[in-house]
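Data block below; observations after.
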There are 2 protein chains.
Amino acid sequence: MIYTKTGEYAIRAVLYLARQPKEALVMSSEIAESEEIPSHYLAKILQRMAKYGYVDSFKGRGGGFKITELAQRSSILEIVERVEGPVINLKCVTGLKECSDENPCPLHEEWAELRNRIYNLISSKSVQEVADKYSDTLKKNR
Amino acid sequence: MIYTKTGEYAIRAVLYLARQPKEALVMSSEIAESEEIPSHYLAKILQRMAKYGYVDSFKGRGGGFKITELAQRSSILEIVERVEGPVINLKCVTGLKECSDENPCPLHEEWAELRNRIYNLISSKSVQEVADKYSDTLKKNR
DNA sequence: TTAATTTGGGAGTCTTTTGTCTTAAATAAA
DNA sequence: TTTATTTAAGACAAAAGACTCCCAAATTAA
């Protein structure tokens, strides 16, 4: 994994919500159970996601969460970075102090390419696109 | 960075030692200063590297560390995994519970390819090769 | 109106990682 | 032999991340 547990849980939760029928409300505890995420911990994360505008929340019986349009069209990277701060893959694999684009270590260039491709992978598709395609795969394999 | 501080410091130290004249002894404090690594922390890491056989250590005045043949021909990945345990990039970027080779999420395949290339990048060259090539670059740019 | 349910908010715990400090052991030079 | 120097070892402290718990606020249903 590239990011922390917190970021991972946030993405899994939001992808879970993206796969629900439109306007359906899902309780934090249901997501936690289904995705095997520590329940109270996830509740905290969803609380923050609500503040960021990635989910709408409703209290009381019948309440729960649903994904917002903002989250639907956001990329995985955007959401992760909002939740856990910048994803810090800037430094080269050797970690060498003087290693830079001017003074590249022997692994620098290939690493730079791979890093860019990873960034692209998680920033070029929207959450809803990823969720929809994944639903299709699950359906076919049934 | 893919690995932790501990792994990063270990690699930087061993690459530093690999760039020294043959048989030269370098003190922990010198590496720490030169590479801007917390001095006592690095000392601990070098202590462990000595146990693993990646460096030879000599006490007393004129003492210090030098790289062993084992470390010279080891890959960066081997050393990192010895020092900090397995580098855990197994799980997919989406972290989805059911995402697997049979049930791939939409990002799974590209991620698998990138992960393999990263593994290759840090496991196909020996520490000494990397160090030598880097020395050359630094020399040319002077 | 009351009780049950669900999120909001904050405090607090546990664990892991990172980093510091102190003393002992070994070695070399004075 | 004594002193200075350098690593070895282990205890300790600080910070960050992961996770728990409790109570308040809102909402719904009885």
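The values are calculated or read from the model by the stated rules, or taken from the named source; none is laboratory data. In this text, all values refer to a predicted model and were calculated from it rather than measured experimentally. Counting neighbours? That spans all protein chains shown, and the Cβs are built from the backbone with ideal geometry, glycine included.
Among the residues of the stretch B:76-83, are any away from chain A (no Cβ under 14 Å), farther than 26 Å from A:Thr4 by Cα and either within 16 Å of the chain's Cα centre (by Cα) or modelled with pLDDT of 95 or more (or both)?
no
Out of everything in the stretch A:22-62 that is of a type in the set (Val, Ile, Thr) and under 14 Å from A:Lys5 (Cβ atoms), what residue ends up being nearest to the chain's Cα centre (by Cα)?
Our first condition is that a residue be of a type in the set (Val, Ile, Thr); within the stretch A:22-62, this holds for A:26, A:31, A:37, A:45, A:55.
Filter once more, keeping what is under 14 Å from A:Lys5 (Cβ atoms): A:37, A:45.
Working: A:Ile37: 14, A:Ile45: 12 Å.
Only one residue tops the list, namely A:Ile45.
Could you say which residue among B:Gly85, B:Gly64 is within 16 Å of DNA strand C (Cβ to nearest atom) and in contact (Cβ under 8 Å) with a residue 12 or more places away in the chain?
None of the others qualify; the one that does is B:Gly64.
For the stretch B:121-142, enumerate the residues that are of a type in the set (S, T, N, Q), outside any loop (DSSP other than H, G, I, E, B) and either touching a residue at least 40 places away in the same chain (Cβ under 8 Å) or more than 9 Å from every other protein chain (Cβ to nearest Cβ) (or both). Working first, answer last.
Of all residues in the stretch B:121-142, those of a type in the set (S, T, N, Q) come to B:123-124, B:126, B:128, B:135, B:137, B:141.
With outside any loop (DSSP other than H, G, I, E, B) added as a condition, the list becomes B:123, B:126, B:128, B:135, B:137.
Passing the criteria: B:Ser123, B:Ser126, B:Gln128, B:Ser135.
What are the pairs, 6+ residues apart or on separate chains, where a residue within the stretch A:35-59 that is within 14 Å of chain B (Cβ to nearest Cβ) has its Cβ under 7 Å from a residue that is modelled with pLDDT of 95 or more and near DNA strand D (Cβ under 6 Å from one of its atoms)?
A:Ile45/A:Thr6
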